[in-house]
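First comes the structure, then the notes that go with it.
The values are calculated or read from the model by the stated rules, or taken from the named source; none is laboratory data. Please read these numbers as outputs of a predicted model, since none were measured by experiment. FYI the Cβ positions are ideal-geometry reconstructions off the backbone, even for glycines, and counts take in every protein chain you see.
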Amino acid sequence: MVHTLFNHHSVDEIASLRGLYTKAYRLMLLARIMDEKFASLYRMGKIHGGVFLGRGQEALSVAVGLALRKGDIFAPLIRDTAGRLAFGEPVLDAVRTYLGSPLGPMRARDGNVHRGRPREGLLVMISHLGAMIAVVNGALFANRMKGIKGTVGAACIGDGGTSTGAFHEAVNQAAVEKLPLVLIVADNHYAYSTPTERQFACASLVDKVAGYGIEGKAVDGTDLGACLEVLGEAVSRARDGAGPQMIVARLLRLCGHGEHDDASYVDPALKNSPLGRDCLKVAEAYLLAHGWADGGALAAWREEAAQQVETCVAKVQREPGPDPYKEDWCALASKHLSEGYEPASGQ
Amino acid sequence: MSITYLDAIREAQARALQEDPRVFIYGQDVGSFGGAFKATKNLAQTFPGRVIDSPISEDAMLGLAVGAAIQGMRPIIEIQFADFSTPGFNQIVNQAATLHWRTRVPCPITVRLPCGGTSGSGPFHSQSMEAIYAHYPGLVVMTPATVEDAYSMLLEAVSIDDPVIFCEHKYLYYHLKAERLPDEAMPTGKARIARPGRDMTLVAYSAMLHEALAVAEELASEGTEIEVVDLRSVKPLDTDTVIASVARTGRLLCVGEAWPWGGVTAEVIARVATEGFALLDAPPQRLNAKDTPVPYHPNLWAVHRPTARSIAAAARRLLRS
């Protein structure tokens with residue numbers, strides 16, 4: 001079943017929904033093509049370190065990014081290529097970070113999914129799960145102290161991340177401070193190889209929200225329409241002052257934890273269940289069924305996205321790698337307090 | 001009028017709050033209660049909405065500080081006891097300490113750690129955490145030993161663009177007094193010759209400075225002149241001042257209240273040995289707490305950490321060698 005909400009609206013509303021749905025689909029498609037390119041480069045040995053894909057989570061992710069706006073705070077996790085694009089991250093930032101270009105936002109100091117532009121609200125994840133939620137809280141807390149109104153912060157996490165102490169502390173903190181936090185849990189059924197029954201004992205992760213005293217809702221993460229609606233509402237509620245919101249999306253990770261992982265442990269029954277649907281294909285079928293796109297349009301969009309990715313990759317592959325002799329090797333902003341700081345030659 | 005080390009910490013925070021609207025204080029019981037040690041007494045009343053009680057969530061407290069710093073604020077986080085910084089360790093060393101290096105966005109947060117032993121406090125309210133934080137790149141670690149430094153270094157901690165671990169010694173809170181707050185200060189990163197001497201260099205920091213000064217006084221009556229160096233901050237560590245002192249004295253004893261494995265005293269000795277070996281007339285020595293958790297009973301605690309008595313014994317041995 002595909003979400004049918006869009007069938008109950010006026011002509012104008014449907015036009016606007018069509019625009020949103022189409023925009024979301026095209027971002028999902030771009031994210032999928034980027035991920036496939038990164039996987040391909042990984043297999044060719046062109047990427048140092050890991051590659052982590054968002055395959056199967058694009059509908060949820062894009063809905064988060066599209067619900068946010070300039071001035072908001074976004075802490076994506078490892079499977080949020082689509083959400084990052086929707087929030088405004090340039091394709092070039094992702095490519096430069098994956099390929100280790102010193103011209104990227106992380107200057108080759110950090111790689112793959114560890115990228116962002118904190119000054120523009122796109123926080124840079126550390127690897128310790130749950131740790132970014134309190135950072136989003138802090139940004140929202142600061143905005144409140146500064147009298148900045150109407151901003152929202154979104155933090156993404158997986159089912160495994162909900163088991164961390166950092167998750168609990170930060171959700172509780174957001175609830176106590178009544179912060180406009182939207183917490184998105186992608187319950188993709190595996191934390192690396194560990195199935196959810198080894199991760200939590202409640203029937204659904206959404207059951208936890210009552211314990212924190214916050215609002216929560218479950219959504220079918222394979223259904224773009226449902227994701228757009230539920231995330232849009234949650235972000236609006238947070239923006240309007242209703243306090244923290246938690247959305248639990250049920251879906252299945254349609255890839256390994258990283259590209260080094262063949263995911264052979266995934267239960268075939270889950271793959272064959274409605275959870276195992278590919279959200280991109282579901283959205284495609286919806287577009288076709290509603291006459292919002294035809295086969296020609298879909299092919300053209302795919303071609304356009306592929307060209308965009310190929311152009312970026314070709315450009316970044318021509319960029320030189322980082323030069324260790326031009327690094328300042330200084331971890332502090334206050335260079336005069338840095339131990340062993342020696343300015344690079346010629347600087 | 002006399003001002004205690006604790007007063008200085010409160011006054012520095014009051015001044016930071018007064019002068020900089022970006023500053024706020026967040027920690028357990030810091031609000032109307034004024035903090036477990038009263039380091040924020042009356043600040044919540046004087047600065048409404050800027051001195052805020054947190055849940056007992058060190059990880060989230062420090063994570064919040066990082067997020068607020070990204071948005072341009074300058075939070076001061078009071079950890080109730082330094083020992084309790086361990087649940088927030090990840091946010092300090094992996095989030096705060098890496099932020100600027102990774103993103104070029106500074107992380108000006110001050111983490112106040114009431115540290116060190118006091119009689120009867122036991123294994124979990126007595127720890128000295130400076131070495132473990134100094135180990136990580138991206139952090140400044142301050143260890144003020146005087147009322148004047150407690151005041152001026154805390155103000156500097158708030159003003160610099162990096163995460164600062166501010167190790168304030170609980171033993172000094174009430175014992176240490178000064179006539180007035182300082183008008184000027186030495187910069188962080190410069191050690192201070194707390195007492196000049198020519199026969200031996202005794203390096204100390206935080207509460208151990210006062211044990212070291214007592215030893216210097218005691219040995220002066222025996223005709224020995226000990227030069228006492230107060231490190232003030234352990235990161236950055238002012239190796240130049242230490243080596244210059246060793247060049248004058250030829251002998252080095254380094255004292256720390258923290259545990260012996262690795263740590264500040266080991267670092268000082270390693271630097272002097274590698275950079276100033278020829279200056280030494282005798283093998284450099286160090287004295288630390290015993291390698292056990294900090295004991296509860298005063299009889300045990302008094303022997304667990306270095307004291308003027310054990311430092312004097314070590315100094316006499318070194319002077320004979």
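For region B:104-159, which positions are within 14 Å of chain A (Cβ to nearest Cβ), surrounded by fewer than 21 Cβ atoms within 10 Å (Cβ to Cβ) and not hydroxyl-bearing (Ser, Thr, Tyr)?
B:Arg104, B:Val105, B:Pro106, B:His135, B:Pro137
Restricting attention to region B:1-46, report how many residues are in a loop (DSSP other than H, G, I, E, B) and at pLDDT 95 or above.
Looking only at region B:1-46, we keep the residues that are in a loop (DSSP other than H, G, I, E, B), and these are B:1-2, B:20-22, B:28-42.
From what's left, at pLDDT 95 or above: B:20-22, B:28-42.
Here the count works out to 18.
Suppose we filter A:Gly243, A:Gly291, A:Gly232 for residues that are in contact with a helix residue (DSSP H, G or I) (Cβ under 8 Å, 6 or more places away or on another chain), in a loop (DSSP other than H, G, I, E, B) and not β-branched (Val, Ile, Thr); which single one remains?
Working: A:Gly291 fails: in contact with a helix residue (DSSP H, G or I) (Cβ under 8 Å, 6 or more places away or on another chain); A:Gly232 fails: in a loop (DSSP other than H, G, I, E, B).
Testing whether each residue is in contact with a helix residue (DSSP H, G or I) (Cβ under 8 Å, 6 or more places away or on another chain), in a loop (DSSP other than H, G, I, E, B) and not β-branched (Val, Ile, Thr) leaves just A:Gly243.
Could you list, in sequence order, all residues of region B:79-98 that are farther than 14 Å from B:Ile109 by Cβ and surrounded by 24 or more Cβ atoms within 10 Å (Cβ to Cβ)?
B:Ala82
Are any of the residues in region B:192-203 in contact (Cβ under 8 Å) with a residue 60 or more places away in the chain, surrounded by fewer than 23 Cβ atoms within 10 Å (Cβ to Cβ) and under 23 Å from B:Tyr5 (Cβ atoms)? It would help to see each step written out before you state the result.
At the first step, the residues of region B:192-203 found to be in contact (Cβ under 8 Å) with a residue 60 or more places away in the chain are B:199-200, B:202-203.
The next check asks that each one be surrounded by fewer than 23 Cβ atoms within 10 Å (Cβ to Cβ); those that pass are B:199.
Okay, now just the ones that are also under 23 Å from B:Tyr5 (Cβ atoms), so none.
Scanning region B:192-203 turns up no residue that is in contact (Cβ under 8 Å) with a residue 60 or more places away in the chain, surrounded by fewer than 23 Cβ atoms within 10 Å (Cβ to Cβ) and under 23 Å from B:Tyr5 (Cβ atoms).
Does region B:116-152 hold any residues that are among the aromatic types (Phe, Trp, Tyr) and assigned to a loop (DSSP other than H, G, I, E, B), and which are they? Give the steps one after another, and end with the answer.
Filtering region B:116-152 for residues among the aromatic types (Phe, Trp, Tyr) gives B:124, B:133, B:136, B:151.
B:Phe124, B:Tyr136 - these are the residues of region B:116-152 that are among the aromatic types (Phe, Trp, Tyr) and assigned to a loop (DSSP other than H, G, I, E, B).
Checking A:Ala67 against (1) more than 13 Å from chain B (Cβ to nearest Cβ); (2) buried (at least 20 other Cβ atoms within 10 Å of the Cβ); (3) over 25 Å from A:Gln173 (Cα atoms), only one condition comes out false. Which one?
Status for A:Ala67: all satisfied but (3).
Within region B:153-181, work out how many residues are in a strand (DSSP E or B), within 14 Å of the chain's Cα centre (by Cα) and not aliphatic (A, V, I, L, M).
Looking only at region B:153-181, we keep the residues that are in a strand (DSSP E or B), and these are B:164-169, B:177-178.
Subsequent filtering for residues that are within 14 Å of the chain's Cα centre (by Cα) retains B:164-169.
Keeping just the survivors that are not aliphatic (A, V, I, L, M) gives B:166-169.
Residues flagged as in a strand (DSSP E or B), within 14 Å of the chain's Cα centre (by Cα) and not aliphatic (A, V, I, L, M) within region B:153-181 amount to 4.
Can you tell which of A:Gly165, A:Gly161, A:Gly150 is facing chain B (nearest Cβ under 7 Å) and either touching a Lys or Arg at 6+ places or on another chain (Cβ under 9 Å) or surrounded by fewer than 23 Cβ atoms within 10 Å (Cβ to Cβ) (or both)?
Matching residue, one of A:Gly165, A:Gly161, A:Gly150: A:Gly165.
Sort through B:Ala282, B:Ala258, B:Ala302 and tell me the only one that's in a helix (DSSP H, G or I) and either of a type outside the set (Ser, Thr, Tyr) or under 16 Å from the mean Cα position of the chain (by Cα) (or both).
Working: B:Ala282 fails: in a helix (DSSP H, G or I); B:Ala258 fails: in a helix (DSSP H, G or I).
Answer to the check: B:Ala302.
Of all residues in region B:33-90 being closer than 16 Å to B:Leu17 by Cα and touching a Leu at 6+ places or on another chain (Cβ under 7 Å), which is farthest from the other protein chains (Cβ to nearest Cβ)?
Only one residue tops the list, namely B:Ala39.
Here are A:Gln199, A:Gln173: which of them is over 26 Å from A:Glu229 (Cα atoms) and within 14 Å of chain B (Cβ to nearest Cβ)?
A:Gln173
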